[in-house]
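The values are calculated or read from the model by the stated rules, or taken from the named source; none is laboratory data. These numbers come from a predicted model, not from an experiment. Every residue, glycine among them, receives a Cβ derived from its backbone with ideal geometry; neighbour counts consider all protein chains shown. To get the accessible areas, we keep the full protein, side chains included, count just its heavy atoms, and leave off ligands, DNA and RNA. Shrake-Rupley method; radii C 1.70, N 1.55, O 1.52, S 1.80 Å.
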Amino acid sequence: MIMESTVSDMLLAILKKHGVKYICGLPAAQIGLIMHGASRDPDLVYITTRHEEAAGHMAASISRVTDTMGVCFATVGPGATNLVPGVAAAFADNIPMVVITGQNQARAIDPGIDQLQSADQIGLFRSITKWNAIVHHPERAPELFERAVYIARSGRPGPVHLDIPCDVGTLMCRYDLAQTPPYRLQRPIPCREELQRVAAALRGACRPLLIAGGGVARSEGVQAFRDLVAYTDMLAMTTANGRGVLDPADANTLGSAGLVSGQAAIDIGQEADLVLAVGCKFSTFTPIHKPPHYPKPDYQKIIQIEIDAESIGRAAPVEIGLVGDARATLEALLEVLAEEGDGFRQDQDWKQSIVKKRDTSRELYRETAKESKVVGGVGLLNESAVAAVIGDLLPRDAIVVHDGGQTMMWTISHIQVDSPERSLFVPGMGHLGFGLPYANAAKLAHPERAVFCLTGDGAMGMTIQELETASRYGLAVIVIVFNDSYWGMYKPFGEMLDNPDFGTKLSTVDFATVAKGFGCYAEDVSELRDIPAAVQRAMDSGRPALLNIGVDFTPHPMDFLWPNIILDGFQFPATEKTPLKAVA
(Lines give C-alpha, C1' and ligand atoms only; values in the text may rest on other atoms or scores of the structure.)
Protein backbone atom coordinates (compact mmCIF):
# COMPACT_ATOMS: atom_id res chain seq x y z
CA MET A 1 0.00 0.00 0.00
CA ILE A 2 1.52 3.28 -1.14
CA MET A 3 1.23 5.99 1.51
CA GLU A 4 1.93 9.66 1.03
CA SER A 5 2.10 11.72 4.19
CA THR A 6 4.26 13.91 6.36
CA VAL A 7 7.38 12.36 7.86
CA SER A 8 5.67 12.48 11.26
CA ASP A 9 2.61 10.54 10.11
CA MET A 10 4.82 8.07 8.24
CA LEU A 11 6.70 7.34 11.46
CA LEU A 12 3.45 6.53 13.27
CA ALA A 13 2.23 4.34 10.41
CA ILE A 14 5.45 2.29 10.38
CA LEU A 15 5.48 1.92 14.16
CA LYS A 16 1.87 0.70 14.09
CA LYS A 17 2.69 -1.78 11.33
CA HIS A 18 5.27 -3.31 13.65
CA GLY A 19 2.82 -3.64 16.53
CA VAL A 20 3.53 -0.51 18.57
CA LYS A 21 0.55 0.45 20.73
CA TYR A 22 1.92 2.78 23.43
CA ILE A 23 3.69 6.13 23.07
CA CYS A 24 4.88 8.09 26.12
CA GLY A 25 6.48 11.51 26.39
CA LEU A 26 6.27 15.12 27.41
CA PRO A 27 4.73 17.81 25.16
CA ALA A 28 7.19 19.21 22.66
CA ALA A 29 6.56 21.77 19.94
CA GLN A 30 9.31 20.43 17.68
CA ILE A 31 7.52 17.09 17.29
CA GLY A 32 4.01 18.49 17.55
CA LEU A 33 2.78 16.61 14.49
CA ILE A 34 3.82 13.27 15.99
CA MET A 35 1.98 14.15 19.19
CA HIS A 36 -1.05 15.36 17.25
CA GLY A 37 -1.23 12.17 15.20
CA ALA A 38 -0.60 9.80 18.10
CA SER A 39 -3.11 11.47 20.40
CA ARG A 40 -5.89 11.20 17.79
CA ASP A 41 -5.14 7.69 16.58
CA PRO A 42 -7.60 5.13 18.03
CA ASP A 43 -5.03 2.36 17.61
CA LEU A 44 -2.48 4.06 19.87
CA VAL A 45 -2.41 4.71 23.60
CA TYR A 46 -0.86 8.14 24.05
CA ILE A 47 0.44 9.19 27.48
CA THR A 48 2.14 12.39 28.62
CA THR A 49 4.25 12.30 31.77
CA ARG A 50 5.46 14.95 34.22
CA HIS A 51 9.13 14.36 33.39
CA GLU A 52 10.90 12.92 30.37
CA GLU A 53 12.84 10.39 32.44
CA ALA A 54 9.53 8.83 33.40
CA ALA A 55 8.60 8.52 29.71
CA GLY A 56 11.77 6.53 29.09
CA HIS A 57 11.07 4.21 32.00
CA MET A 58 7.44 3.78 30.94
CA ALA A 59 8.49 2.80 27.41
CA ALA A 60 10.92 0.24 28.82
CA SER A 61 8.25 -1.19 31.11
CA ILE A 62 5.84 -1.54 28.18
CA SER A 63 8.46 -3.61 26.38
CA ARG A 64 8.84 -5.77 29.49
CA VAL A 65 5.18 -6.50 30.23
CA THR A 66 3.67 -6.72 26.73
CA ASP A 67 4.51 -8.31 23.39
CA THR A 68 4.88 -4.84 21.87
CA MET A 69 7.73 -2.34 21.93
CA GLY A 70 7.56 0.90 23.90
CA VAL A 71 8.13 4.30 22.32
CA CYS A 72 9.06 7.54 24.10
CA PHE A 73 9.56 11.10 22.89
CA ALA A 74 10.98 14.40 24.09
CA THR A 75 11.77 17.85 22.81
CA VAL A 76 15.14 19.23 21.76
CA GLY A 77 17.81 20.10 24.35
CA PRO A 78 16.52 19.82 27.94
CA GLY A 79 13.84 17.33 26.94
CA ALA A 80 16.41 15.05 25.36
CA THR A 81 18.83 15.33 28.29
CA ASN A 82 16.03 14.56 30.75
CA LEU A 83 15.22 11.43 28.78
CA VAL A 84 18.73 10.01 29.18
CA PRO A 85 18.27 8.11 32.50
CA GLY A 86 15.31 6.11 31.21
CA VAL A 87 17.13 5.24 27.99
CA ALA A 88 20.38 4.35 29.77
CA ALA A 89 18.56 1.95 32.11
CA ALA A 90 16.85 0.25 29.15
CA PHE A 91 20.15 -0.06 27.29
CA ALA A 92 21.85 -1.68 30.29
CA ASP A 93 19.04 -4.24 30.54
CA ASN A 94 18.75 -4.90 26.78
CA ILE A 95 15.21 -3.61 26.48
CA PRO A 96 14.04 -2.71 22.96
CA MET A 97 12.36 0.65 22.47
CA VAL A 98 12.26 3.57 20.06
CA VAL A 99 13.41 6.95 21.36
CA ILE A 100 12.26 10.02 19.41
CA THR A 101 13.69 13.48 19.97
CA GLY A 102 12.71 16.69 18.31
CA GLN A 103 15.49 18.84 16.89
CA ASN A 104 16.03 22.36 15.58
CA GLN A 105 15.69 23.03 11.84
CA ALA A 106 17.90 20.92 9.59
CA ARG A 107 19.78 23.99 8.39
CA ALA A 108 20.76 24.85 11.98
CA ILE A 109 22.30 21.55 13.04
CA ASP A 110 25.21 19.25 12.25
CA PRO A 111 27.16 21.48 12.82
CA GLY A 112 24.98 23.57 15.09
CA ILE A 113 24.78 27.35 15.24
CA ASP A 114 24.03 27.68 18.96
CA GLN A 115 20.28 28.10 18.71
CA LEU A 116 18.04 27.98 21.78
CA GLN A 117 18.12 24.46 23.29
CA SER A 118 20.73 23.37 20.76
CA ALA A 119 22.38 20.05 21.64
CA ASP A 120 24.32 17.28 19.96
CA GLN A 121 21.64 14.68 20.59
CA ILE A 122 23.23 12.05 18.39
CA GLY A 123 26.37 12.22 20.53
CA LEU A 124 24.26 12.33 23.68
CA PHE A 125 22.50 9.03 22.97
CA ARG A 126 25.24 7.21 21.05
CA SER A 127 26.65 5.33 24.03
CA ILE A 128 23.24 4.31 25.43
CA THR A 129 21.53 3.09 22.26
CA LYS A 130 22.21 0.32 19.77
CA TRP A 131 21.87 2.76 16.87
CA ASN A 132 20.79 6.33 16.25
CA ALA A 133 20.34 8.66 13.31
CA ILE A 134 19.23 12.13 12.28
CA VAL A 135 16.47 12.21 9.68
CA HIS A 136 18.04 14.77 7.34
CA HIS A 137 15.93 14.10 4.25
CA PRO A 138 12.22 13.18 4.03
CA GLU A 139 12.77 10.68 1.20
CA ARG A 140 15.00 8.58 3.50
CA ALA A 141 12.70 8.78 6.54
CA PRO A 142 10.78 5.51 5.91
CA GLU A 143 14.02 3.59 5.43
CA LEU A 144 15.45 4.91 8.71
CA PHE A 145 12.22 4.20 10.60
CA GLU A 146 12.17 0.61 9.36
CA ARG A 147 15.82 0.16 10.24
CA ALA A 148 15.28 1.53 13.73
CA VAL A 149 12.58 -1.05 14.51
CA TYR A 150 14.66 -3.91 13.12
CA ILE A 151 17.79 -2.99 15.05
CA ALA A 152 15.91 -2.43 18.32
CA ARG A 153 14.36 -5.90 18.28
CA SER A 154 16.96 -8.06 16.55
CA GLY A 155 19.92 -9.83 18.15
CA ARG A 156 20.51 -8.53 21.67
CA PRO A 157 17.65 -6.02 21.91
CA GLY A 158 18.03 -2.41 23.01
CA PRO A 159 16.92 1.18 22.52
CA VAL A 160 17.36 3.01 19.22
CA HIS A 161 17.16 6.77 18.74
CA LEU A 162 15.71 8.93 15.96
CA ASP A 163 16.47 12.66 15.92
CA ILE A 164 13.94 14.52 13.78
CA PRO A 165 14.48 18.20 12.83
CA CYS A 166 11.25 20.11 13.30
CA ASP A 167 11.02 21.20 9.66
CA VAL A 168 11.79 17.74 8.27
CA GLY A 169 8.98 16.28 10.39
CA THR A 170 6.45 18.39 8.47
CA LEU A 171 7.71 17.54 4.97
CA MET A 172 5.99 15.03 2.70
CA CYS A 173 7.33 11.58 1.85
CA ARG A 174 6.06 8.57 -0.07
CA TYR A 175 6.46 4.89 0.84
CA ASP A 176 5.00 1.44 0.20
CA LEU A 177 4.19 0.13 3.69
CA ALA A 178 4.09 -3.43 2.34
CA GLN A 179 7.69 -3.19 1.14
CA THR A 180 8.97 -4.39 4.52
CA PRO A 181 6.77 -6.90 6.38
CA PRO A 182 6.06 -6.58 10.11
CA TYR A 183 9.04 -7.64 12.22
CA ARG A 184 9.25 -11.30 13.21
CA LEU A 185 11.60 -12.47 15.93
CA GLN A 186 14.60 -14.27 14.50
CA ARG A 187 15.62 -17.49 16.19
CA PRO A 188 19.13 -18.60 15.14
CA ILE A 189 20.25 -22.01 16.39
CA PRO A 190 23.79 -23.39 16.80
CA CYS A 191 24.73 -26.32 14.59
CA ARG A 192 24.10 -29.89 15.76
CA GLU A 193 27.79 -30.56 16.46
CA GLU A 194 27.93 -27.62 18.87
CA LEU A 195 24.81 -28.81 20.67
CA GLN A 196 26.29 -32.30 20.98
CA ARG A 197 29.33 -30.78 22.70
CA VAL A 198 27.03 -29.10 25.22
CA ALA A 199 25.09 -32.32 25.75
CA ALA A 200 28.31 -34.24 26.34
CA ALA A 201 29.49 -31.65 28.86
CA LEU A 202 26.19 -31.88 30.75
CA ARG A 203 26.40 -35.65 30.86
CA GLY A 204 29.97 -35.59 32.11
CA ALA A 205 29.49 -33.00 34.83
CA CYS A 206 29.49 -34.04 38.49
CA ARG A 207 28.54 -30.65 39.93
CA PRO A 208 26.51 -28.83 37.25
CA LEU A 209 24.69 -25.51 37.54
CA LEU A 210 22.13 -24.12 35.09
CA ILE A 211 21.59 -20.34 34.90
CA ALA A 212 18.73 -18.54 33.15
CA GLY A 213 19.30 -14.91 32.26
CA GLY A 214 17.04 -12.20 30.90
CA GLY A 215 17.55 -13.56 27.40
CA VAL A 216 15.48 -16.62 28.29
CA ALA A 217 12.59 -14.41 29.35
CA ARG A 218 12.89 -12.16 26.28
CA SER A 219 12.86 -15.12 23.90
CA GLU A 220 9.80 -16.65 25.58
CA GLY A 221 11.96 -19.56 26.64
CA VAL A 222 10.55 -20.06 30.13
CA GLN A 223 9.04 -23.47 29.45
CA ALA A 224 12.06 -24.66 27.49
CA PHE A 225 14.41 -23.81 30.37
CA ARG A 226 12.11 -25.45 32.89
CA ASP A 227 12.01 -28.54 30.67
CA LEU A 228 15.83 -28.64 30.67
CA VAL A 229 15.90 -28.44 34.47
CA ALA A 230 13.31 -31.22 34.72
CA TYR A 231 15.03 -33.47 32.18
CA THR A 232 18.51 -33.15 33.68
CA ASP A 233 17.35 -32.85 37.31
CA MET A 234 20.09 -30.26 37.80
CA LEU A 235 20.20 -27.30 40.17
CA ALA A 236 19.35 -23.95 38.62
CA MET A 237 19.15 -20.27 39.41
CA THR A 238 18.20 -17.11 37.56
CA THR A 239 19.84 -13.75 37.18
CA ALA A 240 18.07 -10.59 38.31
CA ASN A 241 16.61 -10.14 34.82
CA GLY A 242 15.69 -13.82 34.65
CA ARG A 243 13.43 -13.74 37.71
CA GLY A 244 10.29 -15.74 37.05
CA VAL A 245 11.87 -18.10 34.54
CA LEU A 246 12.09 -20.79 37.22
CA ASP A 247 9.18 -22.00 39.30
CA PRO A 248 10.11 -20.95 42.86
CA ALA A 249 8.48 -24.12 44.17
CA ASP A 250 10.67 -26.41 42.04
CA ALA A 251 13.02 -28.47 44.21
CA ASN A 252 15.91 -27.65 41.86
CA THR A 253 15.44 -23.88 42.11
CA LEU A 254 18.22 -22.24 44.11
CA GLY A 255 16.79 -18.74 43.86
CA SER A 256 16.55 -15.67 41.72
CA ALA A 257 18.52 -12.45 41.33
CA GLY A 258 21.76 -14.37 41.65
CA LEU A 259 23.79 -13.12 44.60
CA VAL A 260 20.74 -11.83 46.46
CA SER A 261 19.60 -15.47 46.69
CA GLY A 262 22.01 -16.05 49.55
CA GLN A 263 25.27 -17.74 50.42
CA ALA A 264 24.26 -20.88 48.52
CA ALA A 265 24.52 -18.93 45.27
CA ILE A 266 28.12 -17.98 46.01
CA ASP A 267 29.01 -21.51 47.11
CA ILE A 268 27.63 -23.22 44.04
CA GLY A 269 29.28 -20.62 41.84
CA GLN A 270 32.60 -21.69 43.33
CA GLU A 271 31.94 -25.43 43.57
CA ALA A 272 30.26 -26.17 40.23
CA ASP A 273 32.46 -27.99 37.73
CA LEU A 274 30.13 -26.97 34.87
CA VAL A 275 28.05 -23.83 34.43
CA LEU A 276 25.56 -23.65 31.57
CA ALA A 277 24.36 -20.05 31.28
CA VAL A 278 21.61 -19.22 28.79
CA GLY A 279 20.78 -15.64 27.80
CA CYS A 280 23.09 -14.44 30.57
CA LYS A 281 25.91 -11.90 30.38
CA PHE A 282 27.39 -12.63 33.87
CA SER A 283 26.64 -9.20 35.27
CA THR A 284 27.39 -8.08 38.83
CA PHE A 285 24.48 -9.97 40.39
CA THR A 286 25.55 -13.31 38.87
CA PRO A 287 27.96 -15.21 41.17
CA ILE A 288 30.26 -16.54 38.46
CA HIS A 289 33.87 -15.36 38.05
CA LYS A 290 33.93 -12.31 40.30
CA PRO A 291 37.65 -11.91 41.04
CA PRO A 292 39.49 -11.45 43.27
CA HIS A 293 37.06 -12.76 45.91
CA TYR A 294 35.13 -15.26 43.76
CA PRO A 295 37.22 -16.11 40.67
CA LYS A 296 36.41 -19.00 38.35
CA PRO A 297 38.07 -22.15 39.74
CA ASP A 298 40.48 -23.93 37.40
CA TYR A 299 38.26 -27.02 37.33
CA GLN A 300 35.14 -25.10 36.28
CA LYS A 301 33.94 -25.10 32.67
CA ILE A 302 31.56 -22.40 31.52
CA ILE A 303 29.17 -22.75 28.58
CA GLN A 304 27.51 -19.53 27.45
CA ILE A 305 24.59 -19.45 25.02
CA GLU A 306 23.95 -15.89 23.80
CA ILE A 307 22.14 -14.20 20.92
CA ASP A 308 24.97 -11.66 20.70
CA ALA A 309 28.37 -13.07 19.74
CA GLU A 310 30.22 -10.07 21.19
CA SER A 311 28.85 -10.83 24.66
CA ILE A 312 30.32 -14.33 24.78
CA GLY A 313 33.36 -14.44 27.03
CA ARG A 314 33.23 -10.73 27.81
CA ALA A 315 32.68 -11.07 31.57
CA ALA A 316 33.79 -14.64 32.22
CA PRO A 317 36.19 -17.07 30.50
CA VAL A 318 34.14 -19.49 28.41
CA GLU A 319 34.91 -23.08 27.43
CA ILE A 320 32.08 -23.30 24.89
CA GLY A 321 30.31 -20.26 23.47
CA LEU A 322 27.26 -20.68 21.25
CA VAL A 323 25.41 -17.98 19.35
CA GLY A 324 21.69 -18.63 19.34
CA ASP A 325 18.22 -17.62 20.42
CA ALA A 326 17.64 -18.86 23.97
CA ARG A 327 14.33 -20.64 23.41
CA ALA A 328 15.18 -22.18 20.06
CA THR A 329 18.59 -23.34 21.29
CA LEU A 330 17.16 -24.84 24.46
CA GLU A 331 14.52 -26.72 22.46
CA ALA A 332 17.17 -28.03 20.07
CA LEU A 333 19.44 -29.03 22.98
CA LEU A 334 16.60 -30.97 24.59
CA GLU A 335 16.08 -32.86 21.34
CA VAL A 336 19.76 -33.82 21.23
CA LEU A 337 19.71 -34.92 24.89
CA ALA A 338 16.54 -36.99 24.34
CA GLU A 339 18.01 -38.73 21.31
CA GLU A 340 21.04 -39.83 23.31
CA GLY A 341 19.05 -40.99 26.33
CA ASP A 342 19.76 -40.63 30.04
CA GLY A 343 23.17 -40.95 31.62
CA PHE A 344 24.04 -37.94 33.78
CA ARG A 345 26.86 -38.23 36.35
CA GLN A 346 25.64 -35.62 38.82
CA ASP A 347 26.99 -36.11 42.34
CA GLN A 348 23.82 -36.45 44.41
CA ASP A 349 25.60 -35.95 47.74
CA TRP A 350 27.02 -32.66 46.52
CA LYS A 351 23.63 -31.62 45.18
CA GLN A 352 22.00 -32.25 48.54
CA SER A 353 24.71 -30.24 50.29
CA ILE A 354 23.87 -27.24 48.09
CA VAL A 355 20.14 -27.73 48.66
CA LYS A 356 20.80 -27.71 52.40
CA LYS A 357 22.71 -24.42 52.06
CA ARG A 358 19.83 -22.99 50.02
CA ASP A 359 17.37 -23.97 52.72
CA THR A 360 19.63 -22.43 55.37
CA SER A 361 19.71 -19.14 53.44
CA ARG A 362 15.93 -19.13 53.13
CA GLU A 363 15.56 -19.82 56.82
CA LEU A 364 17.96 -16.97 57.61
CA TYR A 365 15.74 -14.58 55.65
CA ARG A 366 12.69 -15.85 57.49
CA GLU A 367 14.47 -15.40 60.82
CA THR A 368 15.35 -11.79 60.04
CA ALA A 369 11.62 -11.15 59.49
CA LYS A 370 10.44 -12.58 62.79
CA GLU A 371 11.28 -9.49 64.84
CA SER A 372 8.90 -6.68 63.89
CA LYS A 373 11.41 -3.98 64.81
CA VAL A 374 15.17 -3.68 64.52
CA VAL A 375 16.93 -4.62 67.74
CA GLY A 376 18.97 -1.63 68.86
CA GLY A 377 17.24 0.59 66.31
CA VAL A 378 15.05 3.65 66.76
CA GLY A 379 11.76 1.81 67.26
CA LEU A 380 10.63 1.65 63.63
CA LEU A 381 9.69 -1.44 61.64
CA ASN A 382 12.16 -4.00 60.34
CA GLU A 383 12.41 -3.82 56.53
CA SER A 384 12.68 -7.59 56.26
CA ALA A 385 9.49 -8.10 58.25
CA VAL A 386 7.59 -5.55 56.16
CA ALA A 387 8.76 -7.16 52.91
CA ALA A 388 7.76 -10.62 54.18
CA VAL A 389 4.26 -9.45 55.13
CA ILE A 390 3.77 -7.83 51.73
CA GLY A 391 5.01 -10.95 49.96
CA ASP A 392 2.40 -13.04 51.75
CA LEU A 393 -0.54 -10.88 50.72
CA LEU A 394 0.20 -10.18 47.05
CA PRO A 395 -2.44 -11.41 44.60
CA ARG A 396 -1.33 -14.44 42.56
CA ASP A 397 -0.95 -12.49 39.30
CA ALA A 398 0.28 -9.20 40.77
CA ILE A 399 3.06 -7.32 38.99
CA VAL A 400 5.71 -6.10 41.44
CA VAL A 401 8.24 -3.35 40.76
CA HIS A 402 11.31 -3.46 43.02
CA ASP A 403 12.74 0.05 43.41
CA GLY A 404 15.14 1.42 45.99
CA GLY A 405 18.45 0.15 47.33
CA GLN A 406 18.15 -1.65 50.66
CA THR A 407 14.42 -1.90 50.05
CA MET A 408 15.07 -3.81 46.83
CA MET A 409 17.39 -6.25 48.61
CA TRP A 410 14.64 -7.22 51.04
CA THR A 411 11.67 -7.25 48.67
CA ILE A 412 13.48 -9.45 46.13
CA SER A 413 14.56 -11.76 48.97
CA HIS A 414 11.02 -12.29 50.23
CA ILE A 415 8.93 -12.06 47.06
CA GLN A 416 9.26 -14.87 44.52
CA VAL A 417 7.44 -14.92 41.20
CA ASP A 418 6.56 -17.59 38.65
CA SER A 419 6.54 -15.46 35.50
CA PRO A 420 9.08 -12.88 34.27
CA GLU A 421 6.63 -10.00 33.71
CA ARG A 422 5.58 -10.22 37.36
CA SER A 423 8.95 -8.91 38.60
CA LEU A 424 10.30 -5.61 37.29
CA PHE A 425 13.75 -4.34 38.23
CA VAL A 426 16.63 -2.51 36.50
CA PRO A 427 19.77 -4.36 37.69
CA GLY A 428 21.92 -3.20 34.78
CA MET A 429 22.11 0.46 35.83
CA GLY A 430 20.55 0.08 39.25
CA HIS A 431 18.53 3.28 38.80
CA LEU A 432 16.56 4.66 41.70
CA GLY A 433 13.20 6.21 40.89
CA PHE A 434 12.29 4.00 37.95
CA GLY A 435 9.66 2.20 40.03
CA LEU A 436 6.62 4.48 39.78
CA PRO A 437 6.92 5.04 35.99
CA TYR A 438 7.41 1.29 35.50
CA ALA A 439 4.35 0.60 37.64
CA ASN A 440 2.26 3.19 35.78
CA ALA A 441 3.11 1.56 32.45
CA ALA A 442 2.41 -1.94 33.75
CA LYS A 443 -1.01 -0.83 35.01
CA LEU A 444 -1.69 0.94 31.73
CA ALA A 445 -1.03 -2.31 29.85
CA HIS A 446 -2.73 -4.59 32.41
CA PRO A 447 -5.54 -2.62 34.08
CA GLU A 448 -7.11 -5.85 35.36
CA ARG A 449 -4.05 -6.85 37.42
CA ALA A 450 -2.79 -5.50 40.71
CA VAL A 451 0.45 -3.54 40.27
CA PHE A 452 2.67 -2.76 43.25
CA CYS A 453 5.63 -0.40 43.38
CA LEU A 454 7.81 -1.22 46.40
CA THR A 455 10.29 1.56 46.95
CA GLY A 456 12.44 3.42 49.44
CA ASP A 457 11.91 7.04 50.40
CA GLY A 458 15.03 8.16 48.53
CA ALA A 459 13.96 6.50 45.29
CA MET A 460 10.38 7.73 45.70
CA GLY A 461 11.55 11.32 45.88
CA MET A 462 13.12 11.07 42.43
CA THR A 463 9.93 10.54 40.41
CA ILE A 464 7.17 11.31 42.90
CA GLN A 465 5.59 13.72 40.41
CA GLU A 466 4.44 10.71 38.40
CA LEU A 467 1.73 10.18 41.00
CA GLU A 468 -0.04 12.96 39.10
CA THR A 469 0.35 10.98 35.87
CA ALA A 470 -1.20 7.96 37.58
CA SER A 471 -4.04 10.08 38.95
CA ARG A 472 -4.69 11.84 35.63
CA TYR A 473 -4.98 8.58 33.69
CA GLY A 474 -6.70 6.58 36.42
CA LEU A 475 -3.81 4.14 36.88
CA ALA A 476 -4.63 2.52 40.21
CA VAL A 477 -1.10 1.46 41.15
CA ILE A 478 -0.26 0.75 44.78
CA VAL A 479 2.94 2.36 46.00
CA ILE A 480 4.45 1.19 49.28
CA VAL A 481 7.23 3.42 50.59
CA PHE A 482 9.77 1.93 53.02
CA ASN A 483 10.54 5.24 54.70
CA ASP A 484 13.71 5.24 56.81
CA SER A 485 14.66 8.88 56.09
CA TYR A 486 18.05 7.78 54.77
CA TRP A 487 19.83 6.89 51.62
CA GLY A 488 19.63 3.49 53.26
CA MET A 489 22.12 1.42 51.30
CA TYR A 490 24.81 4.05 51.96
CA LYS A 491 24.02 4.59 55.62
CA PRO A 492 26.69 2.08 56.77
CA PHE A 493 29.39 3.96 54.84
CA GLY A 494 28.83 7.14 56.82
CA GLU A 495 28.90 5.11 60.01
CA MET A 496 32.11 3.32 59.06
CA LEU A 497 33.73 6.67 58.36
CA ASP A 498 32.27 8.02 61.62
CA ASN A 499 31.00 11.00 59.64
CA PRO A 500 27.52 12.30 60.56
CA ASP A 501 27.79 14.82 57.71
CA PHE A 502 28.36 12.15 55.06
CA GLY A 503 25.03 13.12 53.47
CA THR A 504 22.97 9.97 53.86
CA LYS A 505 20.45 11.40 56.36
CA LEU A 506 17.24 12.72 54.81
CA SER A 507 14.28 14.63 56.15
CA THR A 508 11.28 12.57 57.18
CA VAL A 509 8.86 13.20 54.34
CA ASP A 510 5.11 12.95 54.86
CA PHE A 511 4.55 10.96 51.68
CA ALA A 512 0.89 10.29 52.50
CA THR A 513 0.06 13.98 52.51
CA VAL A 514 2.07 14.56 49.33
CA ALA A 515 0.23 11.71 47.59
CA LYS A 516 -3.15 13.10 48.61
CA GLY A 517 -2.13 16.37 47.02
CA PHE A 518 -1.76 14.50 43.72
CA GLY A 519 -5.27 13.05 44.06
CA CYS A 520 -4.25 9.65 45.39
CA TYR A 521 -5.54 7.53 48.24
CA ALA A 522 -2.90 7.47 50.99
CA GLU A 523 -2.28 6.56 54.60
CA ASP A 524 0.52 6.00 57.10
CA VAL A 525 1.18 2.55 58.56
CA SER A 526 3.26 2.00 61.68
CA GLU A 527 2.50 -1.59 62.74
CA LEU A 528 3.03 -4.87 60.91
CA ARG A 529 -0.41 -6.13 61.82
CA ASP A 530 -2.00 -3.13 60.09
CA ILE A 531 -0.36 -3.67 56.70
CA PRO A 532 -2.80 -6.25 55.23
CA ALA A 533 -5.87 -4.13 55.97
CA ALA A 534 -4.15 -0.99 54.68
CA VAL A 535 -3.27 -2.75 51.42
CA GLN A 536 -6.86 -3.92 51.04
CA ARG A 537 -8.17 -0.38 51.57
CA ALA A 538 -5.71 0.86 48.96
CA MET A 539 -6.89 -1.75 46.46
CA ASP A 540 -10.54 -1.02 47.22
CA SER A 541 -10.07 2.73 46.70
CA GLY A 542 -9.96 2.36 42.92
CA ARG A 543 -7.38 5.14 42.78
CA PRO A 544 -3.61 5.36 42.74
CA ALA A 545 -2.66 4.66 46.33
CA LEU A 546 0.37 5.18 48.54
CA LEU A 547 1.17 3.57 51.88
CA ASN A 548 3.90 5.29 53.86
CA ILE A 549 5.57 2.81 56.24
CA GLY A 550 8.18 4.01 58.71
CA VAL A 551 11.08 1.56 58.79
CA ASP A 552 14.52 1.35 60.30
CA PHE A 553 17.58 0.54 58.19
CA THR A 554 17.86 -3.25 58.30
CA PRO A 555 21.16 -4.93 57.35
CA HIS A 556 20.79 -7.67 54.75
CA PRO A 557 22.78 -10.93 55.08
CA MET A 558 24.33 -10.33 51.65
CA ASP A 559 25.37 -6.70 52.22
CA PHE A 560 29.00 -7.80 52.38
CA LEU A 561 28.90 -8.39 48.62
CA TRP A 562 28.94 -4.70 47.77
CA PRO A 563 32.40 -3.98 49.23
CA ASN A 564 33.64 -7.36 47.98
CA ILE A 565 32.49 -6.94 44.37
CA ILE A 566 31.35 -3.41 43.57
CA LEU A 567 33.97 -1.66 45.69
CA ASP A 568 36.85 -4.09 45.48
CA GLY A 569 40.05 -2.11 45.94
CA PHE A 570 38.37 0.67 47.91
CA GLN A 571 40.26 0.92 51.20
CA PHE A 572 37.85 1.23 54.12
CA PRO A 573 39.25 2.49 57.44
CA ALA A 574 39.04 0.15 60.40
CA THR A 575 36.00 0.66 62.62
CA GLU A 576 34.79 -0.70 65.93
CA LYS A 577 31.16 0.10 65.21
CA THR A 578 28.78 -2.86 65.32
CA PRO A 579 26.09 -2.95 62.61
CA LEU A 580 22.44 -3.18 63.62
CA LYS A 581 20.81 -6.57 63.26
CA ALA A 582 17.22 -7.75 63.05
CA VAL A 583 16.99 -10.86 65.20
CA ALA A 584 14.21 -12.96 66.64
### Task
Output the residues belonging to region 142-198 that are farther than 24 Å from residue 38 by Cα, over 28 Å from the mean Cα position of the chain (by Cα) and not in a helix (DSSP H, G or I).
191
#### Entry: Leading residue by the ranking (farthest from residue 245 (Cα to Cα)) among those in region 281-332 that are out of contact with any helix residue (DSSP H, G or I) (no Cβ under 8 Å at 6 or more places or on another chain) and of a type in the set (Val, Ile, Thr)
318
### Query
Does region 273-296 hold any residues that are of a type in the set (Val, Ile, Thr) and either in a loop (DSSP other than H, G, I, E, B) or outside the structural domain of residue 209 (by the TED database) (or both), and which are they?
284, 286, 288
### Query
Where residues in region 89-134 are open to solvent by less than 10 Å² (accessible area, probe 1.4 Å), among the hydrophobic types (A, V, I, L, M, F, W, C) and modelled with pLDDT of 95 or more, which of them is farthest from residue 21 (Cα to Cα)?
125
### All positions within region 65-83 that are surrounded by fewer than 24 Cβ atoms within 10 Å (Cβ to Cβ), closer than 22 Å to residue 27 by Cβ and out of contact with any Leu (no Cβ under 9 Å at 6 or more places or on another chain)
78
### Query
So is residue 86 open to solvent by less than 10 Å² (accessible area, probe 1.4 Å) and either in the same structural domain as residue 131 (by the TED database) or touching an Asp or Glu at 6+ places or on another chain (Cβ under 7 Å) (or both) or not?
yes
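Let me confirm something: among 317, 395, which residue is open to solvent by less than 40 Å² (accessible area, probe 1.4 Å), not hydroxyl-bearing (Ser, Thr, Tyr) and not in a helix (DSSP H, G or I)?
Values: 317 fails: open to solvent by less than 40 Å² (accessible area, probe 1.4 Å).
Going through 317, 395 in turn, just one is open to solvent by less than 40 Å² (accessible area, probe 1.4 Å), not hydroxyl-bearing (Ser, Thr, Tyr) and not in a helix (DSSP H, G or I): 395.
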### Task
Report, ordered by the first and then the second residue, all pairs with beta carbons closer than 6 Å, sequence separation of six or more or different chains, a first member in region 298-313 that is closer than 14 Å to residue 205 by Cα and open to solvent by 40 Å² or more (accessible area, probe 1.4 Å), and a second member that is of a type outside the set (Ser, Thr, Tyr) and in a strand (DSSP E or B).
301/274
